[in-house]
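Worksheet: one structure, shown below.
The values are calculated or read from the model by the stated rules, or taken from the named source; none is laboratory data. In this text, all values refer to a predicted model and were calculated from it rather than measured experimentally. FYI the Cβ positions are ideal-geometry reconstructions off the backbone, even for glycines, and counts take in every protein chain you see. Ligands, DNA and RNA are stripped out before the accessible areas are found, and what is left, the full protein with its side chains, is counted by its heavy atoms. Shrake-Rupley method; radii C 1.70, N 1.55, O 1.52, S 1.80 Å.
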Amino acid sequence: GSPASAAPALTETPVGTKVHYEGDEVPAMAHFRCVGHWTSIRNSHLANKEENYSDVAYNYGVCQHGYVLEGRGAGKRTGANGNQALNRRHYAVCVLIGGDTEPSKEAVRAVREVIQYLRSRGAGNEIKGHRDGYATSCPGEPLYSLVRSGRLEPNQEDDDMPSVEEIWNYRMQLPDGRVQSPENIITYSDARHDIIERKIAGLEAQLAEVLKRLPKA
């Protein structure tokens, strides 16, 4: 829902991707709150008048539920405006965790997916942490250990990682506990539509009752 990124375009091909975290403690949240959380990060960056950010600092974000959230997107410099060599040489992916939080298996898979996507758009093969080249604790020990061990390389199938089918089922869980298969995505979409329609109808009924109780002008 954000407008097209106003961040400056890359003037050189990135040699790879740097992994970040938020830095502060981030409370666990239901997935429906993740987009709003990502938007709040963008807004806080844009409100920084001292550095005059052109957009959220990162090309992409990744939530603990395994979804990739678009930031500046591919082909854009990172940081405030990408004026530093540090920002021009790598794409930036931020996992929406902080402190010593362990990234979920779904988040790890999503980081791999976005790294593979950025490579398909010309990025080099380096995978670094924010602390590589800058004095910071980012991306935290749990994430940085994955960087150092090479476990963020795309196309891995670790024994302790969920399969693509498991990820799909996790994402497609319906409110009543049923799980839809990829073949039934239309059924899932219809079910979500019905749920939303029922919620709207309920809110309209509540509003009508409130209006009845209001004093006449």
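Values as computed for the structure displayed
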{"read-out": "Residue-span extension gain [Glu102 to Ala205] - 0.36 nm each, minus C-alpha spacing", "value": "32.7 nm"}
{"read-out": "Label-point gap, in nm, between Asn83 and Thr39 - each point 7 angstrom along Cα→Cβ", "value": "3.0 nm"}
{"read-out": "Shape category assigned to region 33-83 from the gyration tensor of Cα positions, a/c cut at 1.5", "value": "oblate"}
{"read-out": "Most to least accessible of Ser104, Ser40 (protein chains only, probe 1.4 Å)", "value": "Ser40, Ser104"}
{"read-out": "Potential lengthening between Glu197 and Glu12 on full extension [0.36 nm per residue; Cα-Cα distance subtracted]", "value": "61.8 nm"}
{"read-out": "Where chymotrypsin sites (Phe, Trp or Tyr not before Pro) fall in DSSP loop in region 54-158, at most 13 other Cβ within 10 Å", "value": "Tyr134"}
{"read-out": "Extension gain, Gln156 back to Glu25 (0.36 nm per residue minus Cα-Cα distance, nm)", "value": "44.3 nm"}
{"read-out": "Cα-based equivalent ellipsoid of region 1-102: semi-axis lengths in Å, sorted from largest, via gyration tensor", "value": "22, 15, 13"}
